Amino acid sequence: MHSAMVALRSARAQLSRILSVQPTQFLHCPGIRLMAADKELLLKLRKKTGYSFTNCKKALEKFSSDLQQAEAWLHEQAQKEGWSKASKLQGRKTKEGLIGLLQNGSSAVLVEVNCETDFVARNVKFQQLVQQAAMTAMAHCHSKHANTIDYTKNSFTTEEITQLKTSLDSCPLSDHLALAIGHLGENMTIRRAAWVTVPFDWHIGTYVHGMLPVANPTFAEMTFGKYGALVIYRPLEQNSKVNLSELGRRLGQHIVGMMPLSVGTMEDPPGDDTETKMLAQPFLLDPGTTVGQFLYTSGVSLLDFVRYECGEVTEMAKKA
């Protein structure tokens, strides 16, 4: 017993001498440096991916602090979790969401992405999904119609657009949708998209109603709202003095507010508020004249339009 106590006191004394005589060596031993480095990697991985500290720490431990492998594993796990959540939430209704508008020169895209609540619709990650859907549709159509010189219009159903591969990682949009569901925990749908491109002498007017303020600088080219319209038109004279951009915005307002179903013809008789042919409708901003009369006096010809309303019941949905 006496010898054991002597040995214990000797060990404590030795440890005390190590701590007092060599503090610098102890604090800078390889193990402590590794812990500091791991903390820095953890913060970096957390900031880059947005996943929880617990999952980021687990990933770094799993791959011996290899940042690239840890990030890839996190995305893989999140995608699996997203698909699982997507399957569980599939039956839940998605009546909220956003219309996204992206214009690039002589081309423009409208896309509708739905979610369950307006709270999620205002989330940056949801808006990133809307942006990704619009950019993917735009890139696909540009590659498919690279040499077109005529007016061209493409429409995408849910099944079609979710199978398009993004330029970001060559994964289908359905994968990005699953990741967003995994992050935000709500059912979501990339419902539809429409893309148009026009010849040099035609114009695309755009209008979005119920616009959200854009806080993220990466959304600079995007416009988000609850209603959106594209209108295709051209001046009848090359040197028209009409402000064509403003005219396009006004026509877009009319399309959103009056909900026309077709363009119609200039020969159509004037209609009332129940009229569905656009040229025969009372012009929203001047009900005393029809849209056709407004365009005639402006020296402008109307070709086509697209109107999206978030959550609307379309004829296709009614038949289904």
Exercise. Filter the stretch 243-265 for residues that are surrounded by fewer than 14 Cβ atoms within 10 Å (Cβ to Cβ), part of a loop (DSSP other than H, G, I, E, B) and not polar (S, T, N, Q) and give the result.
Key: L261
Exercise. Scan the stretch 63-76 and report the pairs whose first residue is in a loop (DSSP other than H, G, I, E, B) and whose second residue is buried (at least 16 other Cβ atoms within 10 Å of the Cβ), with Cβ atoms within less than 7 Å and a gap of 6+ or a chain change.
Key: F63/A70; F63/W73; S65/L41
Exercise. Please list, ordered by first then second residue, the pairs with beta carbon atoms under 8 Å, 6 or more apart or interchain, first in the stretch 156-174 and more than 14 Å from E112 (Cα to Cα), second among the charged types (D, E, K, R).
Key: C171/K165; P172/K165
Self-check item: Candidate set: the stretch 95-119, residues that are surrounded by fewer than 22 Cβ atoms within 10 Å (Cβ to Cβ) and in contact with a Phe, Trp or Tyr (Cβ under 8 Å, 6 or more places away or on another chain); chosen: the one nearest to F224 (Cα to Cα)
Solution: S107
Self-check item: Residues that are in a strand (DSSP E or B) and over 24 Å from G205 (Cβ atoms), drawn from the stretch 101-156
Solution: N114, C115
Quiz item: How many of the residues making up the stretch 167-209 are outside any strand (DSSP E or B) and over 30 Å from L236 (Cα atoms)?
Solution: 21
Exercise. Look at P287 and say whether it is on the phi < 0 side of the Ramachandran plot and in a loop (DSSP other than H, G, I, E, B).
Key: no
Practice problem: Tell me which residues, restricted to the stretch 260-287, are more than 17 Å from S301 (Cα to Cα) and in contact with a His (Cβ under 8 Å, 6 or more places away or on another chain). | Solution: L284, L285
Quiz item: Any residue at all in the stretch 262-273 that is within 33 Å of the chain's Cα centre (by Cα) and either hydrophobic (A, V, I, L, M, F, W, C) or at positive phi (or both)?
Solution: yes
Quiz item: What residue, among those in the stretch 273-286 that are more than 17 Å from G252 (Cβ to Cβ) and at pLDDT 95 or above, is surrounded by the most Cβ atoms within 10 Å (Cβ to Cβ)?
Solution: A280
Quiz item: Right, S107: over 15 Å from the mean Cα position of the chain (by Cα) and either of a type in the set (S, T, Y) or within 20 Å of F305 (Cβ to Cβ) (or both) or not?
Solution: yes
Practice problem: Among the residues of the stretch 102-135, write down those that are touching an Asp or Glu at 6+ places or on another chain (Cβ under 9 Å) and of a type in the set (V, I, T). | Solution: T117, V120, V130
Quiz item: Restricting attention to the stretch 290-320, which residues are part of a helix (DSSP H, G or I), at pLDDT 95 or above and either under 23 Å from V109 (Cβ atoms) or of a type in the set (A, V, I, L, M) (or both)?
Solution: V291, L295
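The values are calculated or read from the model by the stated rules, or taken from the named source; none is laboratory data. All figures in this text were calculated on a predicted structure; none of them were measured in a lab. A quick note on method: Cβ atoms are made from the backbone with ideal geometry, for glycine too, and the neighbour counts reach across all protein chains shown.
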